[in-house]
Amino acid sequence: MSNAILGKNQYGKAEVHVVRVKRDTERHEIADLNVTSQLRGDFEEVHSTGNNAHCLPTDTQKNTVFAFAKSGIESPEQFLLGLADHFITGWSWVDGGRWEAEQSKWDRILVDGAEHDHSFVRNGTETRTAVVVGDGESRTVIGGLHSLTVLKSTGSEFVGYEKDKYTTLPEATDRILATDVAARWRFNTTDVDWNATYESVKALLLEGFAEKHSTALQQTLFQMGEKVIDAHPEIDELKFSMPNKHHFVVDLSPFGLDNPNEVFYAADRPYGLIEATVLRDGAPMVEKAWDGIAGFC
């Protein structure tokens with residue numbers, strides 16, 4: 001007899017790249033999503049005996065993504081909620097799951113100063129993310145973004161930190177602060193204008209980064225999350241992962257040149273990695289919603 005038993009599990013189709021063109025007028029719209037679908041439920045025999053009676057093929061999940069796209073993609077959150085309802089209510093042995101999407105943005109190409117109706121250029125800013133976790137009749141939505149690269153050329157310092165015999169870092173009273181923001185935020189409701197809220201949260205994160213003097217990236221991270229919590233009662237939790245993209249002043253004295261904080265070496269590694277969660281005081285924790293999300297973001 002084996003002592004092995006099946007623990008937590010999920011399965012599905014990862015990174016289904018679907019592009020939906022809305023062409024009901026001459027001015028087309030593009031929705032570009034990379035979707036992952038994963039099911040949770042009674043899959044004991046699929047694993048332990050090889051009985052596939054409860055196994056909905058991952059290829060079927062892929063096809064479902066394309067079929068649902070035919071009805072339109074208004075927002076990644078709306079699209080994932082539809083997939084969650086379809087899979088959880090469609091099969092008795094599926095009691096939950098996790099659906100994730102990354103959205104790529106396309107901007108209209110300008111021709112003679114005017115936006116073209118059907119020609120686009122890939123937007124080079126952040127990538128929008130969304131996750132829907134279903135558990136029975138419960139749905140939890142997590143919005144987010146990553147690769148939002150920001151920099152402030154002054155208004156940042158790092159002094160007064162702990163020092164020991166291995167410390168060589170000099171204190172800095174005027175430094176560059178730069179990071180790639182990755183953030184996810186958990187909603188406490190599904191009654192949300194997803195697109196408008198995303199744009200608002202992004203704007204608040206940028207304001208939080210820019211508006212106050214920074215004494216550490218940790219302090220700036222908290223200020224960014226605090227602005228969102230205070231402005232959006234429908235959001236209870238934000239998780240951040242923010243690398244400190246170090247910029248070091250180059251010593252130009254060997255060349256007889258001064259360098260008053262003008263020329264920097266931008267180091268790609270190693271880097272400080274700052275990660276934290278900002279919560280609404282008194283809000284309930286929903287740890288299960290974060291299952292399957294590696295690290296903080």
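The values are calculated or read from the model by the stated rules, or taken from the named source; none is laboratory data. All values derive from a computational prediction rather than experimental measurement. Every residue, glycine as well, gets a Cβ built from its backbone with ideal geometry; the counts of neighbours run over all protein chains shown. In case anyone asks, the SASA skips ligands and DNA or RNA and just uses the protein heavy atoms, side chains included. Shrake-Rupley method; radii C 1.70, N 1.55, O 1.52, S 1.80 Å.
Looking at 94, 46, can you tell me which residue is at pLDDT 95 or above and touching a Cys at 6+ places or on another chain (Cβ under 9 Å)?
Only one candidate qualifies: 46.
Go through the residues of the range 132-142 one by one and say whether even a single one is surrounded by 17 or more Cβ atoms within 10 Å (Cβ to Cβ) and either at positive phi or assigned to a loop (DSSP other than H, G, I, E, B) (or both).
no
Only residues that are among the charged types (D, E, K, R) and open to solvent by less than 20 Å² (accessible area, probe 1.4 Å): list them for the range 53-76, please.
none
Inspect the range 174-193 for any residue being among the basic types (Lys, Arg), surrounded by fewer than 16 Cβ atoms within 10 Å (Cβ to Cβ) and in a loop (DSSP other than H, G, I, E, B) and give the result as yes or no.
Among the residues of the range 174-193, not one is among the basic types (Lys, Arg), surrounded by fewer than 16 Cβ atoms within 10 Å (Cβ to Cβ) and in a loop (DSSP other than H, G, I, E, B), which makes the answer no.
Considering the range 203-227 alone, what residues qualify as being open to solvent by 40 Å² or more (accessible area, probe 1.4 Å) and either within 21 Å of residue 125 (Cβ to Cβ) or not in a helix (DSSP H, G or I) (or both)?
Scanning the range 203-227 gives 203, 206, 207, 210, 211, 212, 213, 215, 227.
Looking at residue 86, is it more than 19 Å from residue 139 (Cα to Cα) and open to solvent by less than 80 Å² (accessible area, probe 1.4 Å)? Full working, then the answer.
On the way: more than 19 Å from residue 139 (Cα to Cα): no; open to solvent by less than 80 Å² (accessible area, probe 1.4 Å): yes.
No, not satisfied.
Out of the residues in the range 23-44 meeting the condition of being among the charged types (D, E, K, R) and outside any loop (DSSP other than H, G, I, E, B), tell me which one is nearest to the chain's Cα centre (by Cα).
Within the range 23-44, the first condition is being among the charged types (D, E, K, R), and the residues that meet it are 23-24, 26-27, 29, 32, 40, 42, 44.
Filter once more, so that each one left must be outside any loop (DSSP other than H, G, I, E, B): 29, 32, 40, 44.
Numbers: 29: 23, 32: 16, 40: 22, 44: 32 Å.
Restricting to residues being among the charged types (D, E, K, R) and outside any loop (DSSP other than H, G, I, E, B), the top hit is 32.
In this structure, does residue 289 turn out to be small (Gly, Ala, Ser) and more than 25 Å from residue 176 (Cβ to Cβ)?
Spelling it out, residue 289 is indeed small (Gly, Ala, Ser) and more than 25 Å from residue 176 (Cβ to Cβ).
When the residues of the range 233-276 are narrowed to those that are in contact with a helix residue (DSSP H, G or I) (Cβ under 8 Å, 6 or more places away or on another chain) and among the hydrophobic types (A, V, I, L, M, F, W, C), which ends up surrounded by the fewest Cβ atoms within 10 Å (Cβ to Cβ)?
276
Please find, within the range 53-71, the residue that is nearest to the chain's Cα centre (by Cα) out of those that are of a type in the set (D, E, K, R) and not in a loop (DSSP other than H, G, I, E, B). Give the steps one after another, and end with the answer.
The first filter runs over the range 53-71 and keeps only residues of a type in the set (D, E, K, R), leaving 59, 62, 70.
Checking the rest, the ones that are also not in a loop (DSSP other than H, G, I, E, B) come to 59, 62.
Numbers: 59: 26, 62: 22 Å.
The extreme case among them is 62.
Is there a residue in the range 45-52 that is among the hydrophobic types (A, V, I, L, M, F, W, C) and either open to solvent by less than 20 Å² (accessible area, probe 1.4 Å) or in a helix (DSSP H, G or I) (or both)?
Yes, the range 45-52 contains a residue that is among the hydrophobic types (A, V, I, L, M, F, W, C) and either open to solvent by less than 20 Å² (accessible area, probe 1.4 Å) or in a helix (DSSP H, G or I) (or both).
Do the conditions hold for residue 230, that is, is it within 14 Å of the chain's Cα centre (by Cα) and surrounded by fewer than 19 Cβ atoms within 10 Å (Cβ to Cβ)?
It is false that residue 230 is within 14 Å of the chain's Cα centre (by Cα) and surrounded by fewer than 19 Cβ atoms within 10 Å (Cβ to Cβ).
Based on this model, can you work out whether residue 79 counts as buried (at least 19 other Cβ atoms within 10 Å of the Cβ), in contact (Cβ under 8 Å) with a residue 12 or more places away in the chain and not hydroxyl-bearing (Ser, Thr, Tyr)?
yes
In the set 149, 125, which member is under 18 Å from the mean Cα position of the chain (by Cα), exposed (fewer than 14 other Cβ atoms within 10 Å of the Cβ), over 22 Å from residue 288 (Cβ atoms) and modelled with pLDDT under 95?
It is 125.
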